[in-house]
């Protein structure tokens, strides 16, 4: 008896579905490609349950006759290929003839279509690869595909689907990508009866980017456009001169260095208007931004490559998102040099605020100086806010996890405040709740206050290691690092991450007690969101509210922030929301409230903590160390970086060759 058997058609379709249909977004992608290939100028998508319960896509393309509608569900039935030679010159998005039969094998599918040459339309209903009904219907030209109960007959695959919000975010991302690639097409996406976004057709890519990302990001983008001839010594028939030459062209936008994202979700690559994922392009972009962006952050990139179809192989994977270039080195170097040249010619620089020296002279210190222009967030909320701290570009690059604060470059110098003489224990000159006064410039000159060594609270001293007791602050290095001594050892403390740890545990404690400090804004802050960010924001909205935010919809793709955690400026609130929406993508896949709360608390603490290049009075250094010792984990910040470095006396003696 033979061991080799031909698989039944139903099983073969389900196997193919495992390659083509991974999640609801895969179904939407295949249907979108069919609609665009059919020359549709309008695409409408309705979803329920993140696409797991319902996906309905309507287009006004050329449609199909009844015979073609039936043939479309046969495996490898396609209108895009005629011979094997066509595989090296593919100009359409879909061509393999696997999508519809694969989707129909794992869903309940209804296809309604009409071609311009037909007087009536055709309706084809299929459930799990089984034909249920075929009939004539009245329908305008175009195609409507309704898909229900994805993986209803494959429970093992269905259980691997994520939450509705996660699946919806993936669909929104796919539709956004095709909307960018085809600005001349109208895209409408509805979810649960509400409109998620509606992109009207436009003629320019810049206009579509404005629709998707908003005007603020568009201002931070640099437009690029270049071309290079296709020529090599082995291709003598292709000349690099004259109008008959063939070229590789690129156009699109790349962001300035001050735009820094926490992941690669803002990378959009298209080859002949096909959405792709390619390591060659990724590496070229990384090389273009090398030594411009710090490690761990990424730019916003929208690149559209146009080249002869035979120069790229799109038949690498059934999903058609992976491609192989015939001349990989040429494509890589061309993209790297084009993006690098655009960045150098634009000479993008982060804005630096000009210090109001006259105000400092007349008022005595930045604490008392009036605002130079406009009102900051603290004044709008009725809370006096000091000006932003001074940050040099060199030090700001070291703080890759922070948002650079505009300021004036200061000279690198080693500054130690005089060590106080300890006489008798004295109370601290200010209360712990005054901690956020740290966010200031240099205070007015005055006699230094004498303070005793830091005394740890009795209730927390027993839980700390013995080496952490009796810390005596000495001064600061370059207004960024605190120098202290403890039992003959030398301590160097990063003041930013130390304050970050204090605020992190404070926010978590207030959140658990239900008394988060919040400030209402006299004028709300308007923030524009992408479709993907709208989905994520809806998922984390309850936790944001519990952490002191008050956010309300303000139009179709904007929100209004009416309240925020205390002691945050307007720019910090916007940066904070952007970081949360980018970094919480993994948390939206599964409901993990403790991790979500920690992420929000860590982000709030990072933005509210004192920055480097901030002068601290001795009393504030004492308070900061004292509060740090009260925390549960005084050795590392919420992001895992060390807070202090310790050099024992023996190490110092060895360095001076005394032992």
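Within segment 33-43, if we keep just the residues that are outside any helix (DSSP H, G or I) and surrounded by 18 or more Cβ atoms within 10 Å (Cβ to Cβ), the residue that is modelled with the lowest pLDDT turns out to be 38. Within segment 486-493, the presence of at least one residue that is part of a loop (DSSP other than H, G, I, E, B) and modelled with pLDDT of 50 or more is confirmed.
Just one of (1) touching a residue at least 60 places away in the same chain (Cβ under 8 Å); (2) over 20 Å from residue 497 (Cβ atoms); (3) surrounded by fewer than 13 Cβ atoms within 10 Å (Cβ to Cβ) fails for residue 656. It is (1).
Mind telling me which of the residues 564, 601, 541 ends up being out of contact with any strand residue (DSSP E or B) (no Cβ under 8 Å at 6 or more places or on another chain) and either part of a helix (DSSP H, G or I) or outside the structural domain of residue 187 (by TED's automatic domain parsing) (or both)? One residue alone meets the criteria, 601. When residue 526 is tested against (1) closer than 23 Å to residue 600 by Cα; (2) at pLDDT 90 or above; (3) touching a strand residue (DSSP E or B) at 6+ places or on another chain (Cβ under 6 Å), just one condition goes unmet, and that condition is (2).
Every test in (1) buried (at least 19 other Cβ atoms within 10 Å of the Cβ); (2) more than 18 Å from the chain's Cα centre (by Cα); (3) part of a loop (DSSP other than H, G, I, E, B) is passed by residue 293 save one, and that test is (2). Being modelled with pLDDT under 90 and either more than 17 Å from the chain's Cα centre (by Cα) or over 30 Å from residue 326 (Cα atoms) (or both), is that true of even one residue in segment 219-227? Yes, the conditions are met somewhere in segment 219-227. Has segment 549-559 got at least one residue that is part of a strand (DSSP E or B) and buried (at least 21 other Cβ atoms within 10 Å of the Cβ)? Yes: one or more hits. Against the conditions (1) surrounded by 17 or more Cβ atoms within 10 Å (Cβ to Cβ); (2) at pLDDT below 90, residue 130 satisfies every one except (1). Every listed requirement among (1) crowded, with 16+ Cβ neighbours inside 10 Å; (2) in contact with a strand residue (DSSP E or B) (Cβ under 8 Å, 6 or more places away or on another chain); (3) farther than 27 Å from residue 190 by Cβ is met by residue 503 save one, (2). Residue-level check: of (1) touching a helix residue (DSSP H, G or I) at 6+ places or on another chain (Cβ under 9 Å); (2) surrounded by fewer than 20 Cβ atoms within 10 Å (Cβ to Cβ); (3) not assigned by TED's automatic domain parsing to the domain that holds residue 68, residue 212 misses just (2).
The values are calculated or read from the model by the stated rules, or taken from the named source; none is laboratory data. Being a predicted model, the structure only gives us computed values, none of them experimental. Neighbour counts run over all protein chains shown; Cβ positions are idealised from the backbone, glycine included.
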